[in-house]
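Read through the structure below, which is laid out as structure tokens, and then see the notes.
Coordinate-derived values only; no laboratory data. Owing to the predicted nature of the structure, the values given are computational and were not obtained by experimental measurement. Because the Cβ atoms are built from the backbone with ideal geometry, glycine has one as well, and the counts that use them run over all protein chains shown.
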Amino acid sequence: MSAAAEIPYTTGLHEIAPGVRAWLAPDGSWGLSNAGLISGDGESLLVDTLYDLNLTRTMLDAMAPVTAAHPITVALNTHANGDHCYGNELLAPEVRIHAVTETAHEMAHDAPPEVMAALLSPAAAEGLGPVLADWIQRAFGKYEFGGITQRNPDVTFDQELTLSVGGRSVELRNLGPAHTGGDAVAWVPDAGVLFTGDLLFIGGAPIMWAGPIDNWLRACDEMIALSPEYIVPGHGPVTDCDGVRAVQGYWRHIRELAREAHGKGLSWTDAALAADLGEYAGLGESERVAPNMYQAYRELEPGLSTVDPLGMLAAMAQWDAVRGNGGTNATTPPATND
Ligand SMILES: [Zn+2]
């Protein structure tokens with residue numbers, strides 16, 4: 001058993017190396033994201049806040065015994081998805097929040113918490129239709145998006161930035177665009193611990209909002225090249241380089257499926273509905289094959305019409321209704337929306 005596999009996957013704060021802690025949130029499905037706390041002499045760096053204020057408050061309270069002596073002075077938002085930054089307002093005003101430049105742009109312009117709150121409102125359900133409204137409730141209904149004031153990063157960087165956290169070196173690297181337009185990892189070389197944000201999903205399917213696939217594969221190569229002993233993914237249990245290779249395998253499989261289906265003239269939605277996920281069929285949130293297939297198609301067909309985020313959610317809801325956990329009608333022929 002690898003050292004990483006010995007870290008229990010239970011909710012809460014786990015010290016995985018001296019002064020390096022992971023906040024883990026099983027089961028890692030929609031919105032249940034991990035975070036990190038890297039402590040040096042008298043200060044700490046927080047890797048990501050959580051999806052809502054309740055979750056973030058619970059995490060910060062659990063960190064209090066550590067942060068009393070080593071207060072959080074710096075933070076990193078690994079990327080712009082809300083489950084990694086919606087809790088930012090709970091950090092002290094003097095905490096300098098870091099992010100990749102593109103991440104800061106996405107946080108300021110894409111999917112603010114009010115949009116999520118609106119999607120979950122009873123008034124929205126009718127307009128969304130039953131399949132999408134039901135899926136959104138199941139994926140996101142347990143979070144409280146009302147009353148969140150988005151706090152944007154204070155410091156941005158493009159490629160790399162090395163911070164000294166109480167004398168401890170922490171390297172921030174942008175390995176995106178892949179999952180989103182900017183995807184930062186935090187590497188703690190003296191402890192052999194890498195925090196990857198959503199460049200890694202372990203136990204659940206990854207999801208690609210930006211791409212391209214080649215860039216994600218390269219990001220994985222770069223992570224492996226660091227030879228980390230412990231890798232804290234954005235979602236799922238602590239892993240090691242085998243976990244990184246599994247994510248690479250998923251993307252190679254999706255790219256192969258896309259090439260085959262595209263060659264047969266299938267639409268991306270039909271390709272997703274027909275996809276044989278093979279050894280990846282057991283991953284959680286399998287419906288992510290829909291946006292992933294779209295992204296793979298976009299690489300094969302640059303003129304493919306743009307699908308907005310709500311359209312992507314609709315494609316996942318549809319996939320789930322036909323083939324996923326929400327599938328009560330798996331014998332019904334796939335319906336398509338194009
Ligand atoms: Zn996430």
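Potential lengthening of the chain between ALA68 and SER164 amounts to 32.7 nm, from the contour at 0.36 nm per residue minus the alpha-carbon distance. Taking every DSSP beta bridge that has both ends in the stretch 1-95, the antiparallel portion is near 75%.
For the chain, the 222 nm mean residue ellipticity estimated from helices alone, with every DSSP H stretch of n ≥ 4 adding -39500 (n - 2.57) and the total spread over all residues, rounds to -11000 deg cm²/dmol. Derived scalar couplings between HN and Hα for the stretch 288-301 equal 5, 4, 5, x, 5, 5, 4, 5, 5, 5, 4, 6, 7, 9 Hz in order, rounded to whole Hz, by the Karplus curve 6.51 cos²θ - 1.76 cosθ + 1.60 (θ = phi - 60°), x for Gly and Pro.
Taking the highest mean first, how do the peptides 78-88, 313-323 order by number of other beta carbon atoms within 10 angstrom per residue? All intermediate terms of the calculation are to be shown ahead of the outcome.
Values: 78-88: 27.5, 313-323: 23.1.
Taking the mean over residues of other Cβ atoms within 10 Å, the ranking is 78-88, 313-323.
The residues packed around SER286, meaning those with a beta-carbon under 15 Å from its beta-carbon, carry a net charge of -3 if Lys and Arg are +1 and Asp and Glu are -1.
When peptides 178-190, 121-133, 261-273 are ranked by their average number of other Cβ atoms within 10 Å per residue, the highest-first order is 178-190, 261-273, 121-133. Between the stretch 1-61 and the stretch 185-253, the alpha-carbon centres lie 16 Å apart. Taking a ≥ b ≥ c as the square roots of the eigenvalues of the Cα gyration tensor, an a/c ratio of 1.5 or more together with a/b no larger than b/c marks the stretch 141-228 as oblate.
Charge tally for SER44 (other residues, Cβ to Cβ under 12 Å; Lys, Arg +1; Asp, Glu -1): 0. Ranked by the mean number of other Cβ atoms within 10 Å of their residues, highest first, the peptides 43-53, 296-306 come out as 43-53, 296-306.
Comparing MET107, MET293, MET312 in a Gaussian network model of the chain, where Cα atoms under 10 Å apart are tied by springs, the biggest mean-square fluctuation is seen for MET312.
Antiparallel beta bridges, as assigned by DSSP with both residues in the chain, represent about 65 percent of the total such bridges.
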